[in-house]
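Scroll down for the structure; my scribbles are underneath it.
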Amino acid sequence: MQPTLDFLVSSPYGDIRVLENQLDLPLEQDPLKTPYRVYFNNIVKFLSCNKYTPFLKAVSKKISYELSLNDILNIIIRAEKHGLLYHPASIELITPNQRFKFALNVAISEMGKKYLRKETQLLLQLQSKYSLSYLPYVYHSGEIDSMVFLLEDWFDGYHEFHHTKDNMGNYKLNLWEFGKGYRYITEEVGFEIFTQAAKILTLYFDVQEFNFIYPWHHAAGDFIVKIEDEKVDVRLITVRDYKPLLNFHRFDTNPLMALFFFLLHLSVQMRLDKLDGIGEVVWAEDYCIDATLKGFFEGLSKNEKTKNYITDLKSLLKSFSSDELCFLFNPFIDYYNGLKDLPVIIKNLEAHMLMLHKAIQDLP
């Protein structure tokens, strides 16, 4: 027996069922103007390939017992959002007793397909290298009719967050709680979000090869958060690249200097967002500096390969003046050329490094 199929589109205020006369509308942000009908049909082809065998194998791996096609009553395919590179969907399986949900990244454009193929390999690499659960687990991937697919973990209850303006014109963090709308995030919760984001990136820093996860951006919704009963939990949902940002090996770099430059870049990148995810570039509040430092050192302390560097690294950090911190950030400026982030960074860099310097001097 074949499961029934439902096609939905996610919105901040709940799911929208796709009607027959809407299936020929083009996907948002797709330069190829691919119709929703083609998008959903190719997802079905990917899932049902070889009588659903690869998909069922992936599901069974996630739930730790064998699931047959006869066990599945309904599959809900939900278009979640549309970005520059990917058009992610969620895949929800309904059985008589349970529901299971997966994320399905879909790439259609040539650039998107190139990035998704690379991302699949990077996620598998990090999945093998680190016993961590902050990134989505890869279950299945493939290509159907010029589209590339990646089936991975769906982080249930996690949502994007972005800076917005309240009624008084003040910047505040806003949780995009799809299905329920939007709500403001307190400074205390914002501090914890930035702390955990910095910790996650630090945990994946390779102190031997100096590889780290980048590029990432809050505006792209790369970090997501679950907030329940004052408990905050952050995940990173994408890995676009994993390599040194500077050519450290050329200079036979000491790992301490690699960690220093990683932190310097992290402290600036963590403050960049866009208004409501798509508008003007926003510079996050000053508390982001202390949160980033806290998360950075938490990440170092939890990694057996980096925790022994903490004492010497603190001494190194404290040896720099704020002017030197500004000067040493210069090698990163080239990476922001042509981006709307750059004028905002330049405008705020001196004040940022003054505050970072003070926060470093206050480290125990």
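Collect the residues in segment 1-20 that are assigned to a strand (DSSP E or B) and exposed (fewer than 15 other Cβ atoms within 10 Å of the Cβ), keeping them in residue-number order. It would help to see each step written out before you state the result.
Of segment 1-20, the ones assigned to a strand (DSSP E or B) are 4-9, 16-17.
Answer for segment 1-20, where residues must be assigned to a strand (DSSP E or B) and exposed (fewer than 15 other Cβ atoms within 10 Å of the Cβ): T4, L5, I16, R17.
A Cβ distance below 9 Å, combined with a sequence gap of six or more or placement on separate chains, defines the contacts here; from segment 328-339, residues that are closer than 15 Å to N247 by Cβ and in contact (Cβ under 8 Å) with a residue 60 or more places away in the chain reach residues that are of a type in the set (A, V, I, L, M) and assigned to a loop (DSSP other than H, G, I, E, B) in the pairs P331/L245; P331/L246; F332/L245; F332/L246; Y335/L245.
In segment 211-221 there is no residue that is surrounded by fewer than 19 Cβ atoms within 10 Å (Cβ to Cβ), over 30 Å from A258 (Cα atoms) and out of contact with any helix residue (DSSP H, G or I) (no Cβ under 7 Å at 6 or more places or on another chain). Of the residues making up segment 38-86, those that are closer than 17 Å to L150 by Cα and aromatic (F, W, Y) are Y39, F40, F46, Y52, F55, Y86.
Only one of the numbered conditions (1) touching a strand residue (DSSP E or B) at 6+ places or on another chain (Cβ under 8 Å); (2) buried (at least 18 other Cβ atoms within 10 Å of the Cβ) is not met by L317, and that is (1). When residues in segment 311-338 are screened for being out of contact with any helix residue (DSSP H, G or I) (no Cβ under 8 Å at 6 or more places or on another chain), outside any helix (DSSP H, G or I) and either of a type in the set (K, R) or at pLDDT 95 or above (or both), 1 of them pass.
Yes/no per residue for (1) polar (S, T, N, Q); (2) free of Cβ contacts under 8 Å to residues at least 60 places away in the same chain; (3) on the phi < 0 side of the Ramachandran plot:
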| site | (1), (2), (3) |
| --- | --- |
| L126 | no, no, yes |
| S133 | yes, yes, yes |
| P136 | no, no, yes |
| E143 | no, yes, yes |
| F155 | no, no, yes |
| Y158 | no, no, yes |
| D166 | no, yes, yes |
| E177 | no, no, yes |
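Select, from L67, L56, the only residue that is of a type outside the set (D, E, K, R), surrounded by 16 or more Cβ atoms within 10 Å (Cβ to Cβ), assigned to a loop (DSSP other than H, G, I, E, B) and out of contact with any Gly (no Cβ under 7 Å at 6 or more places or on another chain).
L67
Taking V234 as the residue in question, decide whether it is assigned to a loop (DSSP other than H, G, I, E, B), buried (at least 21 other Cβ atoms within 10 Å of the Cβ) and either modelled with pLDDT of 95 or more or out of contact with any His (no Cβ under 8 Å at 6 or more places or on another chain) (or both). No; evaluated as a whole, the condition is false for this residue. Of the residues E152, E119, E143, the single one that is acidic (D, E), at pLDDT 95 or above and loosely packed, with under 15 Cβ neighbours inside 10 Å is E143.
Among the listed residues F178, F194, which satisfies the condition of being modelled with pLDDT of 95 or more and over 13 Å from L263 (Cα atoms)? So that I can check it myself, show each step before the final result.
Numbers: F178 fails: modelled with pLDDT of 95 or more.
Checking each option against the conditions leaves just F194.
Pairs linking a residue in segment 59-78 that is modelled with pLDDT under 95 to a residue that is among the acidic types (D, E) and crowded, with 17+ Cβ neighbours inside 10 Å, with Cβ atoms under 9 Å and 6 or more positions apart or on different chains, are K62/D153.
For the condition outside any helix (DSSP H, G or I) and in contact (Cβ under 8 Å) with a residue 40 or more places away in the chain, what is the one hit in E298, E304, E285? Even if it seems obvious, please write down each step before you answer.
Working: E298 fails: outside any helix (DSSP H, G or I); E304 fails: in contact (Cβ under 8 Å) with a residue 40 or more places away in the chain.
One residue alone meets the criteria, E285.
Of the strands (runs of 3 or more DSSP E) lying entirely inside segment 82-178, those carrying at least 3 residues that are closer than 21 Å to V44 by Cβ are 89-94, 99-107, 138-144, 147-153.
Take the conditions (1) closer than 19 Å to A79 by Cβ; (2) not assigned by TED's automatic domain parsing to the domain that holds E285; F178 misses just one of them, which is (2). Output yes when any residue across segment 58-65 is within 20 Å of I108 (Cα to Cα), of a type outside the set (G, A, S) and outside the structural domain of A220 (by TED's automatic domain parsing), and no when none is. Checked segment 58-65: no residue is within 20 Å of I108 (Cα to Cα), of a type outside the set (G, A, S) and outside the structural domain of A220 (by TED's automatic domain parsing). The number of residues in segment 1-21 being touching a helix residue (DSSP H, G or I) at 6+ places or on another chain (Cβ under 7 Å) and within 16 Å of H87 (Cβ to Cβ) comes to 2.
The values are calculated or read from the model by the stated rules, or taken from the named source; none is laboratory data. Keep in mind it's a predicted model, so treat the numbers as computed, not measured. Positions of Cβ are backbone-derived with ideal geometry, glycine not excepted, and every protein chain shown enters the neighbour counts.
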